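K.L.:
Next up is a structure, given as structure tokens.
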Amino acid sequence: MRDDGGGVLDQAIAVSDDFLDAGEIVSTRGRKPEDTQRYDAKPGDIADGKPLTVLIDVGTASASEIVAGALQDHKRATIVGMTSFGKGSVQTIIPLRGGEDGALHLTTARYYTPSGRSIQASGIVPDIAVAQGDEAADVPRSRGRAKPICLTI
């Protein structure tokens, strides 16, 4: 999922569900408790429990972070690479004057992994930090980022 900066919620849930037998995949939490929504896995793992490794980097964002976070929290996959981007906000598009004057993108909630970690600004920290070449020098060492092992290929 390296450099995959997009995607939509329902597809992130579907991909995660393919590899999980049960449990929460992701939740969205707004300002009020009644705005919380949880999405759970249904029985069935297409890989029959075989070990998984998911590759992420600073370009991994949004739906890809939901998948990586769900698989990591359920200990279903080992996450390898660099800390992801941290795009964990839910935005609602509100048309202005029926769309004639454009639209307003408003952040209305945040995505949380099954263990309750917010994806926003923190990203997904890999289980094994690995950078490719000089990539490690370009990544800021803030926000709890793991110190990478440099790998030149």
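Values quoted throughout were computed directly from the atomic coordinates according to the rules given, and no laboratory measurement underlies them. Remember, predicted model here, so these are calculated numbers, not experimental data. Backbone-built Cβ (ideal geometry, glycine too); neighbour counts: all protein chains shown.
K.L.:
What order, most packed first, do the peptides 78-89, 13-24 have when packing is the mean number of other Cβ atoms within 10 Å of each residue?
P.N.:
Highest to lowest by the protection proxy: 78-89, 13-24.
K.L.:
So what is log10(I(q)/I(0)) for the chain at q = 0.08, 0.18, 0.19, 0.21 1/Å, when the Debye sum runs over its Cα atoms only?
P.N.:
For the chain at q = 0.08, 0.18, 0.19, 0.21 Å⁻¹, log10 I(q)/I(0) is -0.25, -1.03, -1.11, -1.27.
K.L.:
Taking the Cα atoms only, what angle lies between the long axis of helix 9-19 and the longest principal axis of the chain, rounded to 10 degrees?
P.N.:
40 degrees
K.L.:
So, one more: Quick one: how many lysine pairs does the stretch 21-106 have with C-alpha atoms less than 24 Å apart and a gap of 8 or more or different chains? Give me the count, please.
P.N.:
Lysine pairs meeting the criterion: 5.
K.L.:
Let me have the relative contact order for the stretch 1-90, percent, based on Cα pairs under 8 Å that are six or more residues apart.
P.N.:
36 percent
K.L.:
If you don't mind, there's one more thing I want to ask. Of the DSSP beta bridges with both residues in the chain, give the percent that are antiparallel, rounding to the nearest 5.
P.N.:
60 percent
K.L.:
Got the relative contact order for the stretch 69-118 handy, in percent, Cα pairs under 8 Å and 6 or more residues apart?
P.N.:
37 percent
K.L.:
Remind me, relative contact order of the chain in percent, using alpha carbon pairs under 8 angstrom and six or more residues apart?
P.N.:
In percent, rounded to a whole number, it is 23.
K.L.:
If I fit a long axis through the Cα atoms of helix 63-73 and take the longest principal axis of the Cα atoms of the chain, what angle between them do I get, 0 to 90°, rounded to 10?
P.N.:
For helix 63-73, the angle is close to 60 degrees.
K.L.:
For the stretch 1-83, give me the percentage of DSSP beta bridges that are antiparallel, rounded to the nearest 5 percent.
P.N.:
Here the antiparallel bridges make up roughly 45 percent for the stretch 1-83.
K.L.:
Order the peptides 59-65, 100-106 from the highest to the lowest mean number of other Cβ atoms within 10 Å of their residues.
P.N.:
59-65, 100-106
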